């Protein structure tokens, strides 16, 4: 069979590209290295925008919970910030498996083909253009447009000649717990602490008895990493410490890797486009990639349909997807948070980022923090920042300049 588009990966970006592309009439084939789409990791904490992109209702089976508050807290001192619903808006916990199966089923209903246990090895080129992929030791599937939605270590990206940061990555592990007791299902938690390192622990309740407990960590220097307990040990420790989790049993485990440096320098070329983690389309402040990946997949599918109708898969044609994407609000936010993570990573090489985090939690109010993260800070928030928080900014800034001077980066 001849295809219009071949997609590597069944994360939210790949599935959304497949779903929207097949719906528009593209002959679509999707390759997944796992045995099922649910073997691919998908994030969970989202807002209304993700629900709109998925075309699901807040009260549907695809939404596991809705939160009234999110708390940022220190595991070492208990200092915390509470962002309640007045600031937070609507925040939901997806049932990721059901959402992935939903997108797959929609794509299949519109004619998409899925091939599992398909390990992509490289792209296939013809006359300077990518025309498909090679997988499983020699099998090939060809199409005029190849989509690399195969994650942070994308084989499509590597073999198509794209460049990306190799070290600014967040490695994550997540446990699904059942049998918890007395957990408040209305509140989600982000924790920082010395055991965690540069990253955070998260607790997303699904109910009073079910919780998703995870950790994401960005490695810095080898010596600092050697001083930290393993992420599995951290989860085991705080499962015993966080109220309500000690009696629970672990019913599922998974993990993944999230890029934190912002968008990669270029993610399109003749006959090929990257989407999702492979393109760096993740907001690195909280590792949020569901909405950004769904949005990117939607946009890429639109341009795949256009390119097919125009029969133009040249570099200039495919780049129109990248150009439009980079102009969006989500892309600008990704770039800003990526710059922030570069700064934090450099600072943490020669300084203690947890001292800065403790100061943030004990000094900055929730409204100002929320405004800064969302990029909506006005005169009032900036005044609060520079009057109440200036000494910390100065200390952190001096530490960052020191690290830059020493590392030369």
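Worth pointing out:
- Residue count for region 200-231, restricted to those that are more than 18 Å from the chain's Cα centre (by Cα) and over 20 Å from residue 252 (Cα atoms): 10
- Options 219, 185: the member that is in contact with a helix residue (DSSP H, G or I) (Cβ under 7 Å, 6 or more places away or on another chain) and over 26 Å from residue 8 (Cα atoms): 219
- Restricting region 78-118 to residues that are in contact with a strand residue (DSSP E or B) (Cβ under 6 Å, 6 or more places away or on another chain) and in a loop (DSSP other than H, G, I, E, B) leaves a set whose member that is surrounded by the most Cβ atoms within 10 Å (Cβ to Cβ) is 112.
- Residue in region 42-51 that is surrounded by fewer than 14 Cβ atoms within 10 Å (Cβ to Cβ) and under 19 Å from residue 200 (Cβ atoms) present: no
- The set of residues in region 287-320 being outside any loop (DSSP other than H, G, I, E, B), more than 24 Å from residue 40 (Cα to Cα) and touching a strand residue (DSSP E or B) at 6+ places or on another chain (Cβ under 6 Å) consists of 315, 318, 319.
Since every read-out is calculated from the coordinates, none of them should be taken as a lab result. Because the structure is predicted, anything quoted here is derived from the model rather than measured. Counting neighbours? That spans all protein chains shown, and the Cβs are built from the backbone with ideal geometry, glycine included.
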